Amino acid sequence: MKNVLLTITSNVKVGKDIFLMRLEGDVSEVKNPGEFINIQIPGFYLRRPISVCDFDNEHIDILYKILGKGTEEISSLEVGKKLDCLIGLGNGFNITPNIKPLLVGGGIGIAPLVGLAKKFNEYGVRPTLIYGARSSDDLVLLDKLNELCDVYLCTDDGSTGFHGNVVDCIKNVAVSFDYYYACGPYRMLAAIAKNFPNGYVSLEARMGCGFGACMGCSIKTTEGPKRVCKEGPVFDGREVLF
Ligand SMILES: Cc1cc2nc3c(=O)[nH]c(=O)nc-3n(C[C@H](O)[C@H](O)[C@H](O)COP(=O)(O)OP(=O)(O)OC[C@H]3O[C@@H](n4cnc5c(N)ncnc54)[C@H](O)[C@@H]3O)c2cc1C
Ligand code: FES
């Protein structure tokens, strides 16, 4: 973990209430897709955790949805502003080369899968992606995702792609895969873990410290309580007691 000041170099709306922000500075502590950063928003006591969407040696991209006052404030921040961030948080995805991965994103849960897809491509593997959302307005970064993955879209209202949820879409597409890598709403992750044997889920929890000190983000697993911020946010789908 490292505490750094990062400069906002872009902050653009990419979907309904969804923004993509680029942060530049010393991001050397970010190692794996699936990690998250914890942002100090001016005027707010608690930091807000947001996944690393994509990164390289000079920058981090975050993709975030306005949910409440904190994320609304982040959306109003202008280019040039510096943000106090804790980076290099969480375990990130366990990437096994030479496998057939299935990426499953629900809503804003698509965020960490962008960096993960990029990493698989670096290993010479083009993943399949099932990307579900409530409606077509909530599907974002489609050009980039199509570059990196074989993409299948689904929406709850049928406005784009398969009409239904991601689990039904996976069955409909009949895609063969070795491991799934899923991020999205809790109920979606529970359904995936119940339906498919091998894979990883990236969980969210309300967080206090964000680095393992307060136990505020504990979840129940087959091996006892674990902290989403420290042992997670990525867990083996079979170990989480949903
Ligand atoms: C490891 C991790 C990674 C995340 N990655 C992303 C990301 O890439 N993009 C993104 O948009 N969001 C992400 N989130 C969620 C993000 O942290 C919350 O949306 C944000 O903190 C809300 O802050 P707010 O001040 O806008 O809303 P608040 O006013 O704090 O809350 C608004 C509403 O959202 C609920 N809520 C707030 N935080 C959470 C949470 N963590 N889980 C469930 N419900 C919550 C509250 O109960 C309330 O109902 C992530 C969360 C975690 C723990
Ligand atoms: S948020 Fe404090 S231990 Fe996870």
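Would you pick out the residues in the stretch 5-37 that are basic (K, R) and under 21 Å from N91 (Cα atoms)? Across the stretch 5-37, the qualifying residue is only K31.
Residues that are surrounded by 14 or more Cβ atoms within 10 Å (Cβ to Cβ) and not in a loop (DSSP other than H, G, I, E, B) within the stretch 208-225 comprise S218, I219, T221, listed in sequence order. Would it be correct to say that V175 is closer than 19 Å to G106 by Cβ and either at pLDDT 95 or above or within 14 Å of ligand 2 (Cβ to nearest atom) (or both)? So V175 does not fit the description; no.
Any idea which residue in the stretch 190-207 is surrounded by the most Cβ atoms within 10 Å (Cβ to Cβ), counting only those that are in contact with a Lys or Arg (Cβ under 9 Å, 6 or more places away or on another chain) and more than 26 Å from F177 (Cα to Cα)? Lay out the reasoning, then the answer.
Taking the stretch 190-207 first, the residues in contact with a Lys or Arg (Cβ under 9 Å, 6 or more places away or on another chain) are 193, 195, 197-199, 205, 207.
Cutting the leftovers down to more than 26 Å from F177 (Cα to Cα) gives us 205, 207.
Numbers: A205: 16, M207: 21.
Filtering first and then ranking leaves M207.
Considering S136, S218, the condition of being within 28 Å of R48 (Cβ to Cβ), away from ligand 1 (no atom under 14 Å from the Cβ) and among the polar types (S, T, N, Q) is satisfied by S136 alone.
Is the stretch 59-67 home to any residue that is outside any strand (DSSP E or B), more than 20 Å from D138 (Cα to Cα) and touching a Gly at 6+ places or on another chain (Cβ under 9 Å)? Give the derivation first.
Of the residues in the stretch 59-67, the ones outside any strand (DSSP E or B) are 66-67.
From the residues that got through so far, the ones that are more than 20 Å from D138 (Cα to Cα) too are none.
No, because not a single residue in the stretch 59-67 is outside any strand (DSSP E or B), more than 20 Å from D138 (Cα to Cα) and touching a Gly at 6+ places or on another chain (Cβ under 9 Å).
One residue stands out among those in the stretch 226-242 that are assigned to a strand (DSSP E or B) and either of a type in the set (D, E, K, R) or more than 12 Å from ligand 1 (Cβ to nearest atom) (or both): the one that is surrounded by the most Cβ atoms within 10 Å (Cβ to Cβ), which is R227.
Being β-branched (V, I, T) and touching a Ser or Thr at 6+ places or on another chain (Cβ under 9 Å) is the filter; apply it to the stretch 136-169 and report the residue that is surrounded by the fewest Cβ atoms within 10 Å (Cβ to Cβ). Spell out the reasoning first.
Step one: of the stretch 136-169, the residues β-branched (V, I, T) are 140, 151, 155, 160, 166-167.
After this cut, where a residue has to be touching a Ser or Thr at 6+ places or on another chain (Cβ under 9 Å) as well, the list is 151, 155, 160.
On the way: V151: 19, T155: 22, T160: 17.
The extreme case among them is T160.
The values are calculated or read from the model by the stated rules, or taken from the named source; none is laboratory data. Source: prediction; values computed, not measured. Here the Cβ is made from the backbone with ideal geometry for all residues, glycine too, and neighbour counts use every protein chain on show.
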